[in-house]
Amino acid sequence: MAYTETTRTGYGRRLGNSLKNIIVGLVLLVAGTFTLFWNEGNYVKTKKALNEAAAEVVALVDINTINPEFEGKFIHASGFASPQDSIYDDLLGVRELAIGLSRKVEYYQWVEHSETETVQNMGGSEETITTYHYKKEWSSSPINSLDFHDPEYRNENFVLAELPDKEILNTNVHFGAYKLPEFILQLIQNNTPAKINLSKEQNEILEKEAEKVRLSAKKRVRKSIEPSDNDEEQEKPKMTHVNDNVLYIGKSFNKPGVGDVRVTVEKTEPTVISLLASVKGNSFEMYKASNGRTVVEVAKGEVSAQQMFEAAHADNEEMTWGLRMLGVILIITAIRTMFGFVSMLFKVVPFLGNIVEKGVYVVAGVVGIAWSLIVIATAWLFYRPVIAILLILIIIGIFVLLKRRKSKEPPLKQV
(Lines give C-alpha, C1' and ligand atoms only; values in the text may rest on other atoms or scores of the structure.)
Protein backbone atom coordinates (compact mmCIF):
# COMPACT_ATOMS: atom_id res chain seq x y z
CA MET A 1 0.00 0.00 0.00
CA ALA A 2 1.06 3.54 -0.70
CA TYR A 3 1.84 5.94 2.12
CA THR A 4 0.62 9.54 1.89
CA GLU A 5 1.75 12.71 3.64
CA THR A 6 -0.05 16.05 3.40
CA THR A 7 1.56 19.36 4.32
CA ARG A 8 0.01 22.82 4.31
CA THR A 9 1.95 26.00 3.56
CA GLY A 10 0.40 29.37 4.38
CA TYR A 11 0.36 32.28 1.94
CA GLY A 12 2.79 34.36 4.02
CA ARG A 13 5.43 31.65 4.00
CA ARG A 14 4.91 31.00 0.28
CA LEU A 15 5.39 34.69 -0.49
CA GLY A 16 8.49 34.81 1.72
CA ASN A 17 9.95 31.76 -0.02
CA SER A 18 9.34 33.32 -3.43
CA LEU A 19 11.25 36.44 -2.36
CA LYS A 20 14.13 34.30 -1.07
CA ASN A 21 14.18 32.56 -4.44
CA ILE A 22 15.34 35.81 -6.04
CA ILE A 23 18.79 35.07 -4.60
CA VAL A 24 18.63 31.50 -5.92
CA GLY A 25 17.66 32.86 -9.32
CA LEU A 26 20.58 35.28 -9.35
CA VAL A 27 22.97 32.41 -8.58
CA LEU A 28 21.48 30.34 -11.42
CA LEU A 29 21.70 33.34 -13.78
CA VAL A 30 25.40 33.79 -13.01
CA ALA A 31 26.00 30.04 -13.40
CA GLY A 32 24.17 29.89 -16.74
CA THR A 33 25.89 33.01 -18.08
CA PHE A 34 29.33 31.72 -17.05
CA THR A 35 28.59 28.30 -18.59
CA LEU A 36 27.64 29.81 -21.96
CA PHE A 37 30.60 32.21 -22.07
CA TRP A 38 33.14 29.61 -20.94
CA ASN A 39 31.69 27.02 -23.32
CA GLU A 40 32.25 29.16 -26.42
CA GLY A 41 35.85 29.80 -25.38
CA ASN A 42 36.41 26.13 -24.62
CA TYR A 43 35.12 25.16 -28.07
CA VAL A 44 37.46 27.60 -29.84
CA LYS A 45 40.50 26.65 -27.74
CA THR A 46 39.90 22.92 -28.20
CA LYS A 47 39.39 23.34 -31.95
CA LYS A 48 42.60 25.38 -32.27
CA ALA A 49 44.55 22.78 -30.28
CA LEU A 50 43.24 19.95 -32.48
CA ASN A 51 44.05 21.87 -35.67
CA GLU A 52 47.54 22.65 -34.38
CA ALA A 53 48.11 19.01 -33.48
CA ALA A 54 46.79 17.84 -36.87
CA ALA A 55 49.32 20.09 -38.61
CA GLU A 56 52.21 18.56 -36.67
CA VAL A 57 51.28 14.87 -36.54
CA VAL A 58 53.70 12.38 -38.10
CA ALA A 59 53.25 8.66 -38.68
CA LEU A 60 55.17 6.28 -36.42
CA VAL A 61 55.07 3.24 -38.68
CA ASP A 62 57.49 0.98 -36.78
CA ILE A 63 56.61 0.77 -33.09
CA ASN A 64 58.89 -2.21 -32.49
CA THR A 65 62.03 -0.08 -32.26
CA ILE A 66 62.57 3.22 -30.46
CA ASN A 67 63.75 5.77 -33.00
CA PRO A 68 65.37 8.88 -31.41
CA GLU A 69 64.19 10.95 -34.39
CA PHE A 70 60.63 10.80 -33.04
CA GLU A 71 61.55 12.09 -29.56
CA GLY A 72 59.15 14.89 -28.59
CA LYS A 73 57.14 14.60 -31.80
CA PHE A 74 53.38 14.23 -31.96
CA ILE A 75 52.74 10.88 -33.62
CA HIS A 76 50.00 8.64 -34.93
CA ALA A 77 50.56 4.91 -34.52
CA SER A 78 48.60 1.67 -34.57
CA GLY A 79 49.59 -1.56 -32.86
CA PHE A 80 48.87 -4.18 -30.24
CA ALA A 81 48.51 -3.14 -26.60
CA SER A 82 50.12 -6.11 -24.88
CA PRO A 83 50.12 -6.58 -21.07
CA GLN A 84 53.34 -8.16 -19.81
CA ASP A 85 52.10 -9.19 -16.35
CA SER A 86 48.90 -10.60 -14.93
CA ILE A 87 46.71 -8.47 -12.68
CA TYR A 88 44.63 -9.68 -9.75
CA ASP A 89 41.44 -9.12 -7.85
CA ASP A 90 42.43 -11.12 -4.78
CA LEU A 91 39.03 -10.79 -3.12
CA LEU A 92 37.36 -12.75 -5.92
CA GLY A 93 40.25 -14.94 -7.00
CA VAL A 94 40.47 -13.28 -10.41
CA ARG A 95 43.76 -13.43 -12.29
CA GLU A 96 43.98 -12.17 -15.87
CA LEU A 97 46.61 -11.20 -18.42
CA ALA A 98 44.67 -8.04 -19.17
CA ILE A 99 45.00 -4.28 -19.47
CA GLY A 100 42.52 -3.69 -16.68
CA LEU A 101 39.93 -5.21 -14.35
CA SER A 102 36.70 -3.66 -13.12
CA ARG A 103 34.53 -4.84 -10.24
CA LYS A 104 30.94 -3.57 -10.14
CA VAL A 105 28.81 -4.25 -7.05
CA GLU A 106 25.00 -4.03 -6.85
CA TYR A 107 22.61 -4.47 -3.92
CA TYR A 108 18.98 -5.61 -3.98
CA GLN A 109 17.14 -3.04 -1.87
CA TRP A 110 13.83 -1.45 -1.10
CA VAL A 111 13.78 1.84 -3.02
CA GLU A 112 11.48 4.73 -2.14
CA HIS A 113 9.63 6.51 -4.95
CA SER A 114 7.38 9.53 -4.57
CA GLU A 115 4.71 11.42 -6.50
CA THR A 116 3.69 14.94 -5.51
CA GLU A 117 0.43 16.78 -6.14
CA THR A 118 -0.29 20.36 -5.08
CA VAL A 119 -3.67 21.92 -4.37
CA GLN A 120 -3.94 25.70 -4.18
CA ASN A 121 -6.57 27.17 -1.89
CA MET A 122 -8.40 30.47 -1.84
CA GLY A 123 -6.42 32.90 0.26
CA GLY A 124 -3.07 31.74 -1.13
CA SER A 125 -2.32 28.69 1.01
CA GLU A 126 -1.20 25.45 -0.61
CA GLU A 127 -1.53 21.77 0.25
CA THR A 128 1.17 19.38 -0.90
CA ILE A 129 0.14 15.73 -1.10
CA THR A 130 3.08 13.35 -1.44
CA THR A 131 2.47 9.66 -2.08
CA TYR A 132 5.32 7.24 -1.36
CA HIS A 133 5.56 3.72 -2.71
CA TYR A 134 8.33 1.14 -2.44
CA LYS A 135 9.88 -1.30 -4.90
CA LYS A 136 12.64 -3.87 -4.68
CA GLU A 137 15.38 -2.87 -7.14
CA TRP A 138 19.07 -3.30 -7.80
CA SER A 139 21.04 -0.32 -6.50
CA SER A 140 24.69 0.69 -6.94
CA SER A 141 24.99 1.30 -3.18
CA PRO A 142 23.20 0.24 0.03
CA ILE A 143 20.12 2.36 0.79
CA ASN A 144 19.45 3.57 4.33
CA SER A 145 15.80 2.67 4.90
CA LEU A 146 15.76 4.62 8.19
CA ASP A 147 15.22 7.68 5.97
CA PHE A 148 12.04 6.24 4.44
CA HIS A 149 8.82 8.14 5.13
CA ASP A 150 6.59 5.10 5.63
CA PRO A 151 7.27 3.64 9.12
CA GLU A 152 6.37 0.18 7.78
CA TYR A 153 9.45 0.19 5.55
CA ARG A 154 11.95 1.78 7.91
CA ASN A 155 14.84 -0.45 8.95
CA GLU A 156 13.84 -3.01 6.30
CA ASN A 157 17.00 -2.75 4.21
CA PHE A 158 20.17 -4.69 4.92
CA VAL A 159 22.98 -6.17 2.82
CA LEU A 160 24.50 -9.63 3.13
CA ALA A 161 27.93 -8.20 2.31
CA GLU A 162 29.25 -4.76 1.47
CA LEU A 163 32.01 -4.76 -1.12
CA PRO A 164 33.63 -1.77 -2.85
CA ASP A 165 33.63 -1.14 -6.57
CA LYS A 166 37.17 -1.37 -7.88
CA GLU A 167 39.20 -0.49 -10.98
CA ILE A 168 42.59 -2.15 -11.47
CA LEU A 169 45.01 -1.02 -14.21
CA ASN A 170 47.98 -3.01 -15.43
CA THR A 171 51.06 -0.81 -15.09
CA ASN A 172 53.12 -2.91 -17.49
CA VAL A 173 51.47 -2.77 -20.92
CA HIS A 174 53.67 -2.57 -24.00
CA PHE A 175 52.95 -1.02 -27.38
CA GLY A 176 55.68 -2.55 -29.46
CA ALA A 177 58.93 -1.28 -27.90
CA TYR A 178 57.06 1.44 -26.03
CA LYS A 179 55.31 1.34 -22.66
CA LEU A 180 51.80 2.77 -22.40
CA PRO A 181 51.25 5.32 -19.59
CA GLU A 182 48.23 5.19 -17.31
CA PHE A 183 46.32 8.04 -18.99
CA ILE A 184 46.31 6.09 -22.27
CA LEU A 185 45.36 2.80 -20.62
CA GLN A 186 42.33 4.50 -19.08
CA LEU A 187 41.09 5.41 -22.56
CA ILE A 188 41.14 1.83 -23.90
CA GLN A 189 37.64 0.32 -23.96
CA ASN A 190 37.41 -3.42 -24.61
CA ASN A 191 35.44 -4.96 -21.75
CA THR A 192 34.67 -8.69 -21.63
CA PRO A 193 33.72 -11.06 -18.76
CA ALA A 194 36.52 -12.11 -16.38
CA LYS A 195 36.10 -15.51 -14.74
CA ILE A 196 35.73 -15.56 -10.95
CA ASN A 197 37.59 -18.33 -9.09
CA LEU A 198 36.76 -18.15 -5.39
CA SER A 199 39.04 -20.23 -3.21
CA LYS A 200 37.52 -22.51 -0.59
CA GLU A 201 38.64 -20.13 2.17
CA GLN A 202 37.17 -17.08 0.42
CA ASN A 203 33.90 -18.89 -0.16
CA GLU A 204 33.67 -19.97 3.49
CA ILE A 205 34.30 -16.41 4.73
CA LEU A 206 31.57 -14.97 2.48
CA GLU A 207 29.16 -17.79 3.41
CA LYS A 208 29.75 -17.23 7.12
CA GLU A 209 29.33 -13.45 6.95
CA ALA A 210 26.22 -13.65 4.74
CA GLU A 211 24.53 -16.21 6.99
CA LYS A 212 25.35 -14.11 10.06
CA VAL A 213 23.71 -11.03 8.51
CA ARG A 214 20.71 -13.06 7.31
CA LEU A 215 20.01 -14.47 10.77
CA SER A 216 20.40 -11.03 12.35
CA ALA A 217 18.00 -9.50 9.82
CA LYS A 218 15.35 -12.14 10.55
CA LYS A 219 15.03 -10.77 14.08
CA ARG A 220 14.22 -7.17 13.08
CA VAL A 221 12.73 -6.97 9.58
CA ARG A 222 9.18 -7.82 8.56
CA LYS A 223 8.75 -7.21 4.83
CA SER A 224 12.21 -8.20 3.58
CA ILE A 225 12.29 -11.84 4.69
CA GLU A 226 10.60 -14.50 2.59
CA PRO A 227 8.12 -16.77 4.44
CA SER A 228 10.39 -19.78 3.90
CA ASP A 229 13.17 -18.02 5.82
CA ASN A 230 11.13 -18.28 9.01
CA ASP A 231 11.10 -22.05 8.90
CA GLU A 232 13.67 -23.06 11.50
CA GLU A 233 13.52 -26.72 10.40
CA GLN A 234 14.90 -26.14 6.91
CA GLU A 235 18.51 -26.83 5.99
CA LYS A 236 20.86 -23.84 6.07
CA PRO A 237 20.85 -22.39 2.51
CA LYS A 238 23.93 -21.90 0.37
CA MET A 239 24.57 -18.15 0.18
CA THR A 240 27.33 -17.78 -2.44
CA HIS A 241 26.94 -18.67 -6.11
CA VAL A 242 29.41 -18.13 -8.95
CA ASN A 243 28.36 -18.00 -12.60
CA ASP A 244 31.34 -17.20 -14.85
CA ASN A 245 32.05 -13.49 -14.13
CA VAL A 246 29.24 -12.97 -11.60
CA LEU A 247 29.37 -13.64 -7.86
CA TYR A 248 25.91 -13.77 -6.30
CA ILE A 249 25.50 -13.57 -2.54
CA GLY A 250 22.00 -14.64 -1.58
CA LYS A 251 19.74 -17.68 -1.44
CA SER A 252 18.76 -17.81 -5.10
CA PHE A 253 20.50 -16.47 -8.20
CA ASN A 254 17.20 -16.34 -10.11
CA LYS A 255 14.97 -15.10 -7.29
CA PRO A 256 16.62 -12.08 -5.64
CA GLY A 257 15.71 -11.06 -2.12
CA VAL A 258 16.37 -7.88 -0.16
CA GLY A 259 19.99 -7.84 1.00
CA ASP A 260 21.32 -9.89 -1.91
CA VAL A 261 24.56 -8.75 -3.53
CA ARG A 262 25.59 -9.12 -7.17
CA VAL A 263 29.25 -8.64 -8.14
CA THR A 264 30.23 -8.46 -11.81
CA VAL A 265 33.85 -8.53 -12.96
CA GLU A 266 35.04 -7.47 -16.42
CA LYS A 267 38.46 -7.23 -18.01
CA THR A 268 39.97 -5.01 -20.68
CA GLU A 269 41.56 -7.51 -23.03
CA PRO A 270 44.76 -7.01 -25.04
CA THR A 271 43.73 -5.37 -28.29
CA VAL A 272 44.86 -3.38 -31.32
CA ILE A 273 44.67 0.36 -30.74
CA SER A 274 45.47 3.57 -32.59
CA LEU A 275 46.78 6.57 -30.70
CA LEU A 276 47.70 10.21 -31.07
CA ALA A 277 50.29 11.29 -28.51
CA SER A 278 53.76 12.78 -28.11
CA VAL A 279 56.79 10.49 -27.80
CA LYS A 280 58.73 10.74 -24.55
CA GLY A 281 61.60 8.28 -24.25
CA ASN A 282 60.15 4.79 -24.35
CA SER A 283 56.65 6.03 -23.54
CA PHE A 284 54.19 8.78 -24.43
CA GLU A 285 52.84 12.04 -23.03
CA MET A 286 50.00 14.38 -23.92
CA TYR A 287 50.60 16.86 -26.73
CA LYS A 288 50.53 20.43 -25.40
CA ALA A 289 49.29 23.07 -27.84
CA SER A 290 50.48 26.69 -27.84
CA ASN A 291 47.27 27.75 -26.05
CA GLY A 292 47.94 25.32 -23.19
CA ARG A 293 45.37 22.71 -24.20
CA THR A 294 46.42 19.06 -24.26
CA VAL A 295 45.60 16.54 -26.97
CA VAL A 296 45.64 12.76 -26.71
CA GLU A 297 43.34 10.36 -28.53
CA VAL A 298 42.92 6.59 -28.41
CA ALA A 299 40.74 4.47 -30.71
CA LYS A 300 40.10 0.74 -30.84
CA GLY A 301 41.48 -0.97 -33.94
CA GLU A 302 43.44 0.49 -36.82
CA VAL A 303 42.06 3.99 -37.35
CA SER A 304 43.70 6.68 -39.49
CA ALA A 305 44.86 9.97 -38.00
CA GLN A 306 42.30 11.85 -40.11
CA GLN A 307 39.44 9.72 -38.78
CA MET A 308 40.63 10.21 -35.20
CA PHE A 309 40.79 13.99 -35.60
CA GLU A 310 37.33 14.00 -37.20
CA ALA A 311 35.99 12.07 -34.21
CA ALA A 312 37.69 14.49 -31.80
CA HIS A 313 36.16 17.50 -33.57
CA ALA A 314 32.74 15.79 -33.49
CA ASP A 315 33.09 15.19 -29.74
CA ASN A 316 33.98 18.87 -29.27
CA GLU A 317 30.89 19.94 -31.25
CA GLU A 318 28.66 17.57 -29.28
CA MET A 319 29.95 18.80 -25.93
CA THR A 320 29.55 22.43 -27.01
CA TRP A 321 25.91 22.01 -28.03
CA GLY A 322 25.17 20.06 -24.86
CA LEU A 323 26.57 22.85 -22.68
CA ARG A 324 24.74 25.47 -24.75
CA MET A 325 21.46 23.72 -23.98
CA LEU A 326 22.39 23.44 -20.31
CA GLY A 327 23.28 27.14 -20.15
CA VAL A 328 20.01 28.22 -21.79
CA ILE A 329 17.99 26.01 -19.41
CA LEU A 330 19.83 27.45 -16.40
CA ILE A 331 19.14 31.02 -17.54
CA ILE A 332 15.43 30.42 -18.27
CA THR A 333 15.05 28.66 -14.91
CA ALA A 334 16.87 31.55 -13.22
CA ILE A 335 14.49 34.17 -14.64
CA ARG A 336 11.44 32.06 -13.76
CA THR A 337 12.74 31.67 -10.22
CA MET A 338 13.61 35.36 -9.81
CA PHE A 339 10.19 36.55 -10.93
CA GLY A 340 8.17 33.81 -9.26
CA PHE A 341 7.10 36.33 -6.62
CA VAL A 342 5.09 38.22 -9.30
CA SER A 343 2.69 35.32 -9.80
CA MET A 344 2.74 34.64 -6.06
CA LEU A 345 1.23 38.09 -5.44
CA PHE A 346 -1.87 36.91 -7.33
CA LYS A 347 -2.04 33.42 -5.78
CA VAL A 348 -4.62 34.66 -3.28
CA VAL A 349 -7.02 33.84 -6.11
CA PRO A 350 -5.65 30.54 -7.52
CA PHE A 351 -7.18 30.94 -10.99
CA LEU A 352 -5.71 34.41 -11.43
CA GLY A 353 -2.36 33.33 -10.01
CA ASN A 354 -2.12 30.44 -12.48
CA ILE A 355 -2.72 32.78 -15.44
CA VAL A 356 -0.01 35.17 -14.25
CA GLU A 357 2.33 32.22 -13.62
CA LYS A 358 1.95 31.02 -17.22
CA GLY A 359 2.69 34.55 -18.38
CA VAL A 360 5.86 34.59 -16.26
CA TYR A 361 6.92 31.29 -17.86
CA VAL A 362 6.45 32.70 -21.38
CA VAL A 363 8.34 35.90 -20.56
CA ALA A 364 11.12 33.89 -18.87
CA GLY A 365 11.48 31.75 -22.00
CA VAL A 366 11.67 34.74 -24.35
CA VAL A 367 13.99 36.81 -22.13
CA GLY A 368 16.11 33.74 -21.29
CA ILE A 369 16.70 32.87 -24.95
CA ALA A 370 17.45 36.53 -25.78
CA TRP A 371 19.92 36.79 -22.87
CA SER A 372 21.57 33.52 -23.93
CA LEU A 373 22.04 34.79 -27.49
CA ILE A 374 23.56 38.03 -26.19
CA VAL A 375 26.01 36.09 -23.99
CA ILE A 376 26.99 33.78 -26.87
CA ALA A 377 27.40 36.77 -29.22
CA THR A 378 29.56 38.54 -26.64
CA ALA A 379 31.67 35.41 -26.25
CA TRP A 380 32.10 35.24 -30.01
CA LEU A 381 33.28 38.86 -30.06
CA PHE A 382 35.84 37.91 -27.42
CA TYR A 383 36.96 34.54 -28.80
CA ARG A 384 36.09 34.79 -32.52
CA PRO A 385 36.03 38.52 -33.31
CA VAL A 386 36.41 38.20 -37.09
CA ILE A 387 33.48 35.79 -37.51
CA ALA A 388 31.37 37.75 -35.02
CA ILE A 389 31.97 41.08 -36.79
CA LEU A 390 31.18 39.54 -40.19
CA LEU A 391 27.89 38.14 -38.83
CA ILE A 392 27.00 41.53 -37.33
CA LEU A 393 27.72 43.25 -40.68
CA ILE A 394 25.57 40.69 -42.52
CA ILE A 395 22.68 41.24 -40.08
CA ILE A 396 23.01 45.02 -40.42
CA GLY A 397 23.11 44.67 -44.23
CA ILE A 398 19.94 42.57 -44.27
CA PHE A 399 18.21 45.08 -41.98
CA VAL A 400 19.23 48.03 -44.24
CA LEU A 401 18.06 46.23 -47.41
CA LEU A 402 14.69 45.44 -45.86
CA LYS A 403 14.34 49.05 -44.73
CA ARG A 404 15.15 50.40 -48.23
CA ARG A 405 12.81 47.94 -49.87
CA LYS A 406 10.03 48.97 -47.57
CA SER A 407 10.63 52.68 -48.27
CA LYS A 408 10.44 52.08 -52.05
CA GLU A 409 7.04 50.41 -51.85
CA PRO A 410 4.29 52.70 -53.26
CA PRO A 411 1.88 54.02 -50.65
CA LEU A 412 -1.52 52.36 -50.46
CA LYS A 413 -4.23 54.25 -52.36
CA GLN A 414 -6.99 55.50 -50.17
CA VAL A 415 -10.50 54.84 -51.43
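The values are calculated or read from the model by the stated rules, or taken from the named source; none is laboratory data. Only a predicted model underlies this, so the values are computations on that prediction, with no experimental measurement involved. Ideal geometry is used to build each Cβ from the backbone, glycine not excepted, and the neighbour counts take in all protein chains shown.
Within segment 104-124, residues that are of a type in the set (D, E) reach partners that are outside any strand (DSSP E or B) and crowded, with 17+ Cβ neighbours inside 10 Å with beta carbons closer than 7 Å, at six or more positions or on different chains, in the pairs E112/F148.
Working carefully through the options S343, S278, find the one that is of a type in the set (S, T, Y), crowded, with 19+ Cβ neighbours inside 10 Å, at negative phi and not assigned by the TED database to the domain that holds W38. None of the others qualify; the one that does is S278.
Residue-level analysis places V94 outside the set of residues that are surrounded by 12 or more Cβ atoms within 10 Å (Cβ to Cβ), of a type in the set (A, V, I, L, M) and within 30 Å of P68 (Cβ to Cβ).
Table: residues versus (1) among the polar types (S, T, N, Q); (2) more than 30 Å from A305 (Cα to Cα); (3) at pLDDT 95 or above.
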position	(1), (2), (3)
A31	no, yes, yes
F34	no, yes, yes
A59	no, no, yes
L91	no, yes, no
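Looking only at segment 279-336, how many residues end up being over 30 Å from K20 (Cα atoms) and among the basic types (K, R)? Summing the residues that are over 30 Å from K20 (Cα atoms) and among the basic types (K, R) in segment 279-336 gives 4. For K179, the conditions (1) surrounded by fewer than 17 Cβ atoms within 10 Å (Cβ to Cβ); (2) touching a helix residue (DSSP H, G or I) at 6+ places or on another chain (Cβ under 6 Å) all hold with the exception of (2). Taking the criterion of being β-branched (V, I, T) and over 27 Å from the mean Cα position of the chain (by Cα), the residues of segment 237-257 that qualify are T240, V242, I249. Is it the case that some residue within segment 345-365 is under 29 Å from the mean Cα position of the chain (by Cα) and in contact (Cβ under 8 Å) with a residue 60 or more places away in the chain? Within segment 345-365 (the criterion being under 29 Å from the mean Cα position of the chain (by Cα) and in contact (Cβ under 8 Å) with a residue 60 or more places away in the chain), the answer is no, since none of the residues qualifies.
Residues being buried (at least 16 other Cβ atoms within 10 Å of the Cβ), closer than 30 Å to K347 by Cα and of a type in the set (A, V, I, L, M, F, W, C) are represented in segment 16-30 by at least one member. Scanning segment 112-170 for residues that are of a type in the set (S, T, Y) and in a helix (DSSP H, G or I) yields a total of 2. Does A98 qualify as being closer than 20 Å to V303 by Cα and over 23 Å from the mean Cα position of the chain (by Cα)? The answer is no for A98.
The single condition among (1) surrounded by 15 or more Cβ atoms within 10 Å (Cβ to Cβ); (2) in the same structural domain as F183 (by the TED database) that E52 does not satisfy is (2).
Note on segment 172-219: residues that are of a type in the set (S, T, Y) and either under 30 Å from M286 (Cα atoms) or in a strand (DSSP E or B) (or both) total 2.
Taking the condition outside any loop (DSSP other than H, G, I, E, B) and modelled with pLDDT of 85 or more, does V263 pass?
Working: outside any loop (DSSP other than H, G, I, E, B): yes; modelled with pLDDT of 85 or more: yes.
So V263 passes the test.
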